[in-house]
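The values are calculated or read from the model by the stated rules, or taken from the named source; none is laboratory data. Bear in mind the structure is a predicted one, so any value in this text is a computation, not a measurement. All Cβ positions, glycine included, derive from the backbone under ideal geometry; neighbour counts span all protein chains shown. The area values use the complete protein model at the heavy-atom level, side chains included, leaving out ligands, DNA and RNA. Shrake-Rupley method; radii C 1.70, N 1.55, O 1.52, S 1.80 Å.
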Amino acid sequence: MAIQDNPSHNDYLRRMTFAAFLKSGSLASEEETYHSDGDHHNHGVGKQNSSSTNSDSQRPSNASSASSDSSSPIYPLSPWNQTYYPNNENTTSFTSASQSPWKQTCSPYHKSPWVYQTRNSDFEDDPDNGLIGTVVRQEGHVYSLAASRDLLFTGSDSKNIRVWKDLKDYSGFKSTSGFVKAIVITGDNRVFSGHQDGKIRVWRGSKKNPERYSRVGSLPTLKEFLTKSVNPRNYVEARRRKNVVKIRHFDAVSCMSLNEDLGLLYSGSWDKTLKVWRLSDSKCLESIEAHDDAVNTVSAGFDDLVFTGSADGTLKVWKREVQGKETKHVLVQVLMKQENAVTALAVNLTDGVVYCGSSDGTVNFWERQKYLTHKGTIHGHRMAVLCLTSAGSLLLSGGADKNICVWRRNDGGSHTCLSVLMDHDGPVKCLTAVEEAEDDGDNHGEKGDRRWIVYSGSLDKSVKVWRVTDYA
């Protein structure tokens, strides 16, 4: 399904953010390269579109590209009212030292790694849809997001996990090593973080001081690890002449998913395995050699099913079954096998729909009938789909093309593109959505429509907050 430009968003201007303005002069010569580190994308994405990805990632920022063309129009020079005209190929940049009324040479927030910006002007035509605000991190990229009630957790390559409340810096905690590639939150206020170094760390907020988080353990526990390491049968070959205990990941933990009804946590890794953990005692119940290449994404689904996608191009379905005295996950179906890497998964639990994003920019989906049946392919991205999230009848997809597509599932099973959110300057790496609570004065519920707050993390070092509705 082709994406149509939304004319309502082409008629008004997009303001240049304060942080971008301050960077425009001093940092215009410093080109960001989003693909220089192989860890910045899902493993296996480079199977296709590598040339276009590299060329696109090195494209200068809209706010940083200066033009010496004398025919370029002159626009207002206020540091808070600079605008970018998307229909004009020429853009103009201004230095903070020459144009600021106070001759500022650096941001007043330069000592803080984060700058929060609010942009309400984009809501004048449609206050229910659009960009709410931006949190910019001055170093490092955002790899993972998780939302719980009124809190937002963000993970980056600086090993930090920041906690936000009402989009204000609320708390934070830092691990000793490893990029934070995945975050999940349980109902008992535990936070599980998956890292580049193969470790899963466990954190918990204090009851007396909710702003304080402390590390309470790791997966596997030290006791279990030492117990298993005594028996040679508990070892597997990781690399040539190197054996490791099989209950621990020996490569990056790329994804995690919760099934709180069963009390299970699933973790996928670049070591090609899927591991199953029991939440009550942090015990590793299973270590499954799931794929022939890195596991990029895992999602707990309906009917006790678990879905895994890999750089080997396969999407597999696992089911928890009783075998004798044990309960194990067995492979029940391979939904897809292709050349392109599987990079993202999302599950609509209500309607029984599974969405699968690939490195070729497509999203395939299956519906639950007697068996899982392929129902179609959604086309909306020019480059790899890096993340997916389901929100009611909506599906949101983020890609390496820097765009977020908002899709609505219709009654007949078809999908309509409602809008394309375009404000990131780098690949969109992670997405999460929470339903917005209704205020007493709101009347959107009379239409039967739901409003969602969507958080998007990108390799442009920012987290953006959006509001979308079912009728957008």
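Would you call Cys387 under 24 Å from Val465 (Cβ atoms) and either among the charged types (D, E, K, R) or at pLDDT 95 or above (or both)? Write out each step before concluding.
Numbers: under 24 Å from Val465 (Cβ atoms): yes; either among the charged types (D, E, K, R) or at pLDDT 95 or above (or both): yes.
Taking the combined requirement at face value, the residue satisfies it.
Quick check on the stretch 257-270. Is at least one of its residues farther than 30 Å from Lys370 by Cβ, assigned to a strand (DSSP E or B) and open to solvent by 30 Å² or more (accessible area, probe 1.4 Å)? The answer is no, given that none of the residues of the stretch 257-270 is farther than 30 Å from Lys370 by Cβ, assigned to a strand (DSSP E or B) and open to solvent by 30 Å² or more (accessible area, probe 1.4 Å). Do the conditions hold for Phe179, that is, is it at pLDDT below 90, of a type outside the set (Asp, Glu) and touching a His at 6+ places or on another chain (Cβ under 7 Å)? Answer is yes for this residue. If you check Val334, Val330 for being aliphatic (A, V, I, L, M) and open to solvent by 40 Å² or more (accessible area, probe 1.4 Å), only one passes: Val334.
Scanning the stretch 302-347 for residues that are in a strand (DSSP E or B) and under 23 Å from Gly263 (Cβ atoms) yields a count of 22.
Per-residue answers, yes or no, for (1) surrounded by fewer than 19 Cβ atoms within 10 Å (Cβ to Cβ); (2) in a strand (DSSP E or B):
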position: Leu145; (1), (2): no, yes
position: Leu152; (1), (2): no, yes
position: Gly155; (1), (2): no, yes
position: Arg162; (1), (2): no, yes
position: Ser171; (1), (2): yes, yes
position: Thr176; (1), (2): yes, no
position: Lys181; (1), (2): no, yes
position: Val184; (1), (2): no, yes
position: Gly187; (1), (2): yes, no
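For Val347, the conditions (1) within 16 Å of Ser254 (Cβ to Cβ); (2) open to solvent by 20 Å² or more (accessible area, probe 1.4 Å) all hold with the exception of (1). Checking the stated criteria, Lys228 turns out not to satisfy the condition of being closer than 23 Å to Val136 by Cβ, surrounded by fewer than 19 Cβ atoms within 10 Å (Cβ to Cβ) and touching a residue at least 12 places away in the same chain (Cβ under 8 Å). Taken over the stretch 191-225, residues that are open to solvent by 30 Å² or more (accessible area, probe 1.4 Å) and of a type outside the set (A, V, I, L, M) amount to 17. Scanning the stretch 357-387 for residues that are assigned to a strand (DSSP E or B), open to solvent by less than 20 Å² (accessible area, probe 1.4 Å) and not β-branched (Val, Ile, Thr) yields Gly357, Ser358, Asn364, Phe365, Trp366, Gly376, Leu386, Cys387.
Every condition in (1) farther than 25 Å from Cys430 by Cβ; (2) in a strand (DSSP E or B); (3) of a type outside the set (Asp, Glu) holds for Ser299 except the one numbered (1).
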